[in-house]
Amino acid sequence: PTFNPTVSPTTNPTTAPTPPPTTGSPTTSPTFNPTMSPTFNPTTSPTTSPSTMSPTTSPTLKPTMSPTTNPTTSPTTAPPTHSPLPPGTPTGTPTPKPTTGAPTRKPTLNPAVTIVEVEYTVVSRSYTSEVKVQSTLKLGASFTLPTNEDAKTAMLDAIKLAVKKTIEATLSGNQAAGEVTIITVNGQAISQRRLLERLLEGEGDVEWESSVTETTTVVTKTNPDGKIVEAIVNGEEQPVDDNTDGATVLSIASNTESIGSGIVSQVATALETATSTDGGGTSTPAFLTTLEESVEEVVTASSVPIERSALDSVTAAIEVAPAVTDVNQAVEVTQNATEPVSTTETVDVVLTASPTTPSPTNKPTGTPTKTPTNRPTSITEGIIGAAPTPPADDPSPTSFEVKAPGTFVIQGVTCTPGTTVSTSLATSVENALKSSGCPAGTNCAADVTKIECQSSRRALRALSISSLVVEFEAILNVYCQQFDCSDVTDISNAVYAQLTSAFAGAIADGTFVTALQSNSGFGSSLVDVNSLEFDAVVVPLLSMLTSWYPGWHNGEATCRNDGNAPTYMTIMGTYIKSSLEECCTSYYSWDFTLCLILAGASSSAYATNEFYVDHETETCKQSCNEGTEGLNCAGIAGPWEDMFSTAVACCTEKLWWVDQNSCVAKSTLTPSTTPLGSSQWYRKGNKCVKDCEVSSSDAQCGGLAERWDDTFASAGTCCNTKVWWVDLNQCT
């Protein structure tokens, strides 16, 4: 209830009496916890003021005991942090743009291309071959020549013209027929006009001779390494390969024997066809028609009147039979060659690179792939088994062997320590190793290099059981994935890991023991294997795997095998050779020896010890390094020198005018077995001396005569002829 009455009555009276109070008496202080239900009586005094009339200016001293269940409805009012650098200052290097918009799922469809300018040498040559051919026409027994001299000549000219037309009808564009000469008619020569009257009767045989000229044009295209890449003969492309050279193409195209026989065969076929009928004898041979046309031309062109009726009578009586040509006749061929014409042709060769992702990368990508691979990739996939297929014109991939040497002990075998183990036991071990340890589908092999029987300390005394210590090599033939085999070490290590894991697994899981017990000599159930150890992988020397290429891009006159061949050489492939000798022969044939020396080849590769002429000393020297003991070395012979296996052959061929005994003796640094010189007399100064060595016991020897010295059988003849003004007693 209120302590003071209201000042004024309410304007609106209540409609119902006031309810009773909720509490019996008023509380003296506010409650600290809210009541679960409303009070029945009102408080006697108002509650105290709230503890926080406004927000606090500082944080609370203690954190709340538990986190809030709901987030705050507005952000905190704490001031933002500030960078110590002015606005716009970069914090470091800018982030590079991504190289791809999204991870690739497969190789690029349009790989990058490289264009290389390749300069070819084009050489054109022409050969003109004149071939003389003889044949005989068969005109029948009724064939006779007219009695009139002019008519005779006209008839013979018509026959010549008909033969020439028949030949020309079968010739190609590079061939031409020469004039025809009639040699005999009815077996009689007609080289002299006065003999024509003897040609009136006979069998109608007309022997003639003509020439056919054929021009052969040869065009060859050579690439920078001297290989023929294209050969065209008379417009037709010829097959070429790596062994084709210019000399071979020219010798085949200009071979006079084949040209001659070809033309003879061509003429024989033309004449035989023209003088034959259709087989039934009802048609007129083409030659007879040609002859009638030729008669008309000769008569028309003649400067003197010709009795045409006489010629018509001759042609009407002709009974043409197939011409006779000896296809094996001795052919006379005359050939002339033009000077070669050389030009240069530059071609842009487009070299298409391989796809950007042909094989798994060695490191993981920066981002995960979107989809999983179908199967796990083996690190040795692609290098074990079949060789990778190289692009066209590339040389074959280089293969090499990876060897994993190992040792293990076979216990529980019966053998005698200190004795040689039988070959059959060693073979059984090899077979078991290969069948159990070699990866399937590979050319893996297992070679037992040593097998030795030793006493077993663990064997029971009552049993004669020993141990076999086996040394072996697991071998796998693999292929380089890089052209220069620079990946040989990485591949060797990867294959070594796979091999050692495979063989260790076979021994650990008992597969090897099972395979071993199936072989003779290891049937005992006591057989066990332990102490498997592997030595380090055997990596082949890179120098044995790399290929040789010409070093002309560095100005070098030699070949290299350092794996640094220019890109165009490795891509085109034809520049790479398998040996130093092959490379030097292909690209430095003009100084083959220098190429070998600069490449560091052993002297045995170029010091042949063969003989070549030394015109200055008129002896033969040997091709070897100067100072070589026991040999007459004058340095390595140049490529232009003619080489001989013996001093005798060299002296005979190159110094034939020199005394041969002397030449051979000086060339081989050996004393001559026969006296040198002719022992005849020749002039030397104002005296005559003998042609023999000064060291001889003969005091009159003046040394060996030069080839230009005149020699005489006696001293008197020499003195009287060469030094006639010297007193004879003073001459010798």
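The values are calculated or read from the model by the stated rules, or taken from the named source; none is laboratory data. Here the structure is a predicted model, which is why all the values come from computation and not from measurement. In this analysis, Cβ positions are derived from the backbone assuming ideal geometry, glycine residues included, and neighbour counts consider all displayed protein chains. Just so you know, the surface numbers come from the protein's heavy atoms only, side chains and all, with ligands and any DNA or RNA stripped out. Shrake-Rupley method; radii C 1.70, N 1.55, O 1.52, S 1.80 Å.
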Give the residues of the stretch 680-732 that are part of a strand (DSSP E or B), over 26 Å from HIS615 (Cα atoms) and open to solvent by 30 Å² or more (accessible area, probe 1.4 Å), sorted by residue number.
-> LYS687, PHE712
Name every residue in the stretch 644-701 that is of a type in the set (Gly, Ala, Ser) and either within 27 Å of PHE712 (Cβ to Cβ) or touching a Pro at 6+ places or on another chain (Cβ under 8 Å) (or both), in order of residue number.
-> SER662, ALA665, SER672, GLY677, SER678, SER679, GLY685, SER695, SER696, SER697, ALA699
Meets criteria (open to solvent by 80 Å² or more (accessible area, probe 1.4 Å) and within 30 Å of SER602 (Cα to Cα)) for GLU626 = yes
Of (1) modelled with pLDDT of 85 or more; (2) touching a helix residue (DSSP H, G or I) at 6+ places or on another chain (Cβ under 9 Å); (3) outside any loop (DSSP other than H, G, I, E, B), THR344 fails just (2)
Filtering the stretch 418-433 down to residues that are open to solvent by 60 Å² or more (accessible area, probe 1.4 Å) and not hydroxyl-bearing (Ser, Thr, Tyr), which residue is farthest from VAL478 (Cα to Cα)?
-> GLY418
Taking the stretch 555-588 and keeping residues under 18 Å from SER602 (Cα atoms), open to solvent by 50 Å² or more (accessible area, probe 1.4 Å) and touching a Pro at 6+ places or on another chain (Cβ under 9 Å) leaves ARG560, SER578
What number goes with the only condition from (1) of a type outside the set (D, E, K, R); (2) over 30 Å from ILE597 (Cβ atoms); (3) out of contact with any helix residue (DSSP H, G or I) (no Cβ under 8 Å at 6 or more places or on another chain); (4) without any contact (Cβ under 8 Å) to a residue 24 or more places away in the chain that TRP640 does not pass?
-> (2)
Kindly indicate whether any position in the stretch 236-254 is open to solvent by 60 Å² or more (accessible area, probe 1.4 Å), modelled with pLDDT of 75 or more and under 30 Å from SER135 (Cα atoms).
-> yes
How many of the residues in the stretch 586-627 are under 30 Å from GLU706 (Cα atoms) and of a type in the set (Ser, Thr, Tyr)?
-> 4
